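Notes to accompany the following structure.
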Amino acid sequence: MLTLEKANAGVTANHQQDSWIPSSCSLCYGNCSILAHNVDGVLAKIEGNPVSACGEGRLCAKGVAGIMTLYDPNRVNVPLKRTNPTKGIGVDPGWVEISWEEALDIAVKKLKEVHDRDPGELFLQGTTTCASEMHCGLFTFAEAFGANAVWVGGGGIHCGSGAHEIGGLMHASWSLVPDFKFCNYAIYFGASKGHSAGHVANQNAQLAADARARGMKMVVVDPMCNFAAGKGNEWVPIRVGTDAALALAMANVLVNELGIYDGQYLKQCTNAAYLVKEDGHYVRDAATNKPLVWDATAGTAKTFDSAPIDSMALLGTFTVNGGKAQPGFQILKEHLKKYTPEYSSGITTIAAANIRRMAREFGEAARIGSTIMIDGEEYPYRPAAAIFFRGSQGHKNSTWNCVAIDLLNQLVGSADNVGGALGFNPVCHGHPDTGRPYYVPEATPDGLMITGTWMHPHKPFPANDAAAPTTIGMREFFPWAMTSPFYGAADREKWWNRFNIQRRPRVMINFGANAIMSVGNKDVVAEAFKDVFIISFDIFKNEMTDFADVVLPDTCYLERLFPSPNYPFIFNHPGSMGTWSWPIRQPVVKSVGERRDFLRVMYEIGYRMGLLKDMNGAYNMHFELKDPYRLEPDVKYEFEEIVDRALKSFFGEGHGLEWFKENGVMNWPKKAEEVYWRSRVPVRVPVYFEIFQTTGEQVRQVAKDFGIENEINYQAYQTLPDWNPCPSHECKDPQYDLISFYYRDTVHTNSLTLENPWLDEAAQMNDYSYNIAVNAATAKRKGLNDGDIIWVESNYKRRVKGRLKTIEGIHPEGIGIAALAGHWSKDLPIAKGKGVFYNELIEVDYDHLDPGNLNMDLCVKVRIYKA
Ligand SMILES: Nc1nc2c(c(=O)[nH]1)N[C@H]1C(S)=C(S)[C@@H](COP(=O)(O)OP(=O)(O)OC[C@H]3O[C@@H](n4cnc5c(=O)[nH]c(N)nc54)[C@H](O)[C@@H]3O)O[C@H]1N2
Ligand SMILES: Nc1nc2c(c(=O)[nH]1)N[C@H]1C(S)=C(S)[C@@H](COP(=O)(O)OP(=O)(O)OC[C@H]3O[C@@H](n4cnc5c(=O)[nH]c(N)nc54)[C@H](O)[C@@H]3O)O[C@H]1N2
Ligand code: SF4
Ligand SMILES: [Mo]
């Protein structure tokens, strides 16, 4: 395999320059480490960098094809100004080229106006595709500016409001992966990790392949037998949006039919033993206010941290402080009884016998009580994992879908234990030389876990108290939401008026997101951008830039510098034992035209606005800079200097930018106590969700204050998980007999790569990338054939057209549409007209959101007919 040394040893003398430059891919947020071959200033090839754990030398098709994005002749190369004041879908903005000076003057003037009037009227939007730069650039600027309205375009509200919320709450991490090195039984609920998309894509692909070869059984619950199921041992076709019903039935079988659960784990690592009063809240100690548990040996209630673990009661009914009290686990056990396999079978369409079998297999595979020696120390060994991501969490029942699935890990004690379901690296003790970066979860006074690191300024837990909203995202009213779709929702005016919010978005900074396409129905979303002054950083003119007032030509990932593409590791770093790798991103060729890095421009704008001190302060916070590397308040730094300080602050004086430019990646070994931290770090996670009830009571009070108590949906504020239907399940019109969903194509990232000619060509070789997948029997029943052009029409009468492709491997009720395709921008000539624009079918309003975490419901009740 190619290494940096080998590659550079083989370079020829025939060229002025011939070098392999280490950097990081960013054609999805995976940030795989790359080696880029620069020959006389031209990028000739991209390969994986084998010395980094971020890919170990592997690239996906997109990573290799990055050259075509770099050299795409349709890239924006100079700043542009709109001349047509009218904005709309398909309306020509009338671009004229302007100088950078003029562009910056316009941006600074607009931003100053809004800053002077009300920083809350600035709206910042970014793309997940360049997640690290987005996080750094938008949040440092928002911090300095005093802005309170940041959203991540279609990201967050599609992929993560539930997954990250529950990943954070239960695993102190962004998301979950099976511990591929030790796992023997993995159940995938709507996730492709290791098989197509998701985090750490290439590294997980190798780990997953090795695990399958070793004999790990992989059961894939998915409406479609696509990338993960195609590689699995078993495909379990599920009715779209019903994952919680399956997971809760499995939990019921484990607890109530088989009696399989890890009592020791539940007592030590969860709140299962905490006593609960009849009002749903914990019974608390009068003196310390700590939650109480029942000490069965002593026959009395004690605070959770003073009772011996072994004598805590998980079951029973007790009298404490004169009232009835039960451990949370007793209440959960009763609650689960409703989810008989027969009942859930009716919801999910999965046979009851299969549900029972999967539960038993999972429970037995977990080997409760067993231990294993790793690095000379004993750890709990629980080689069974249940994981979830975009597919199962993207529904109105987002919160509970994720909770219900993760409950399987909590019940058998496999969460962050050897072989189980791992968060991505929530514990890091840092490089041996410096002890940095360092983070470990901590406990609240109630004993519940707070993440050690997160995407500032947000923390998944503890949630803020619900309050009357004043910001345009209204997140004060939704304390469990990471981001807010209300900026682009059809009913945003209604809700602003309900809460007497006078603020409106006036100016927007967009970093890359193609929100007109990535959020939902384009006409609904477009309304949000018509009357806003938009400063857009982009590399292409796409459907979103059509709404911009000024377009600033950004560099792409192959042309820019960034010190920490994979930090914090909870976002994107292989989970199992192995190596910590900290790669950088650096220019692998000189950029052409007048492209400038987004981060440098944002810093410059902040400086010109007089916010230097605040920008430097925000950077100190973002990179956790420690003396002597902290930025001085009044010095204007070159970006290289900030990067150098960030790297030295983490890795010491000898490991600044110069070192990283040459070496590309810093590696050090992972310790078992970092990876398998659950039995070592004294924190607990909830299996009884008193915390949600508390928020719900606050939400109800605020709603009451505004006279809208009856307009609010409280489904996310119970104490225990349930399956709740999506609007698609509630549509009773018999004409609409199918449920549509989308899934990712392996060779495309969201809407970005559709413009890449190599990837477009690859996608055309796949029957399903650009077509509409319909079950063969369903098509036959409807008299439709392979190749027919059909309409997919929602029960709200929205429709999209495409070519039907039959497949056996899809749920008979399911309609599967790949990628974020169907571009219409004339400035994206390769992408234009390819594939199907699924999101045209999606409603963006409160009724189609998880009312707790504000994730959007992405499935739609549809009918299909010949066009
Ligand atoms: N139908 C459907 N809808 C989806 C999804 C799907 O798979 N299918 N995925 C959903 C999910 S989970 C997400 S996260 C969102 C993603 O939605 P978005 O974040 O909007 O991502 P993209 O659609 O890829 O648009 C990103 C755009 O950023 C620009 N860009 C790329 N690189 C750079 C750069 O280096 N600098 C700058 N300034 N701009 C750049 C490009 O113009 C590109 O088109 O979409 C969601 N919506
Ligand atoms: N190749 C590629 N890689 C990517 C991206 C990309 O666009 N392309 N995008 C990146 C981003 S932004 C994200 S968020 C991640 C997402 O990564 P994943 O979560 O893996 O993404 P999806 O393919 O959207 O969804 C996973 C599976 O869910 C299934 N599914 C849909 N609805 C349901 C349901 O109701 N229940 C169940 N059980 N399954 C369902 C789909 O068929 C699909 O197989 O990938 C990242 N990596
Ligand atoms: S998985 Fe993502 S980051 Fe890795 S090579 Fe592919 S596109 Fe690039
Ligand atoms: Mo995403």
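Couple of notes before you dig in:
- Take the Cα of Ala298, step 7 Å toward its Cβ, do the same at Tyr607, and the gap between the two points is 6.3 nm.
- Whichever lysines have a C-alpha closer than 22 Å to that of Lys780, once near sequence neighbours (fewer than 8 apart) are set aside: Lys801, Lys805, Lys861, Lys866
- Radius ratio Rg over Rh of the chain, counting only Cα atoms, Kirkwood formula for Rh: 0.95
- Exposure proxy ranking, count of Cβ atoms within 10 Å, fewest first, for Thr371, Thr83: Thr83, Thr371
- Rounded FRET efficiency, nearest 0.05, which uses the C-beta distance separating Arg700 from Asp531 and R0 of 30 Å: 0.35
- Per-pair calculated FRET efficiency, R0 = 51 Å: Ala776 and Glu278 via Cβ, rounded to 0.05: 0.40
- Total lysine pairs under 20 Å (Cα atoms) in the stretch 1-159, excluding pairs fewer than 8 apart on one chain: 6
- Rounded to whole Hz, the Karplus (6.51, -1.76, 1.60) HN-Hα couplings of the stretch 781-790, x for glycine and proline: 4, 8, x, 9, 10, 3, x, 5, 8, 10
- Under 16 Å from the Cα of Lys832 - aspartates and glutamates, other chains or at least 8 residues apart: Asp72, Asp92, Glu543, Asp546, Glu755, Asp760, Glu761, Glu840
- Karplus-derived 3J(HN,Hα) values for the stretch 533-540, using 6.51 cos²θ - 1.76 cosθ + 1.60 with θ = phi - 60°, are 7, 10, 9, 10, 8, 8, 9, 10 Hz; glycine and proline are entered as x.
- The trypsin sites (Lys or Arg not before Pro) of the stretch 439-533 that meet both conditions, a loop assignment by DSSP and at most 16 other Cβ atoms within 10 Å of the site Cβ, are Arg503, Lys530.
- Applying 0.36 nm per residue to the separation of Lys732 and Lys801 and subtracting their alpha-carbon distance, the gain on full extension is 22.5 nm.
- With only the Cα atoms considered, the stretch 148-283 has a convex hull volume of 183 Å³ per residue.
- Listed values for the stretch 568-583 are Karplus-derived 3J(HN,Hα) couplings in whole Hz (6.51 cos²θ - 1.76 cosθ + 1.60, θ = phi - 60°), namely x, 5, 5, 7, 7, 7, x, x, 6, 4, x, 10, 7, 10, 10, x, and x replaces Gly and Pro.
- Ranked by how many other Cβ atoms sit within 10 Å of their own Cβ, fewest first, the residues Met474, Met449 fall in the order Met474, Met449.
- Under the combined filter of DSSP loop state and at most 11 neighbouring Cβ atoms within 10 Å, the stretch 775-819 retains these GluC sites (Glu not before Pro): Glu808.
- Fraction of the pair-distance distribution of the stretch 411-513 above 23 Å, Cα-Cα pairs, percent: 51 percent
- Helix-only CD estimate at 222 nm, as mean residue ellipticity for the chain, using -39500 (n - 2.57) per DSSP H run (n ≥ 4): -8000 deg cm²/dmol
- Here Met68, Met312 are placed in order of increasing Cβ neighbour count within 10 Å, fewest first, which gives Met68, Met312.
- Qualifying trypsin sites (Lys or Arg not before Pro) in the stretch 755-818, DSSP loop, other Cβ atoms within 10 Å at most 12: Lys797
- Net charge over other residues, Cβ less than 12 angstrom from the Cβ of His281 (K, R count +1; D, E count -1): -3
- Theoretical gain in end-to-end length, Glu101 to Ala468 [0.36 nm per residue, Cα-Cα removed]: 128.0 nm
- The residues neighbouring Gly146, those whose beta-carbon lies less than 14 Å from its own, together hold a net charge of -1 under the Lys/Arg +1, Asp/Glu -1 convention.
- Amide proton proximity set for Gly48, modelled H, under 5 Å, gap of 5+: Leu35, Leu59
Just so you know, all these numbers are worked out from the coordinates, no wet-lab data involved. On a predicted model such as this, the values are computed, not experimentally measured, just so you know. A quick note on method: Cβ atoms are made from the backbone with ideal geometry, for glycine too, and the neighbour counts reach across all protein chains shown.
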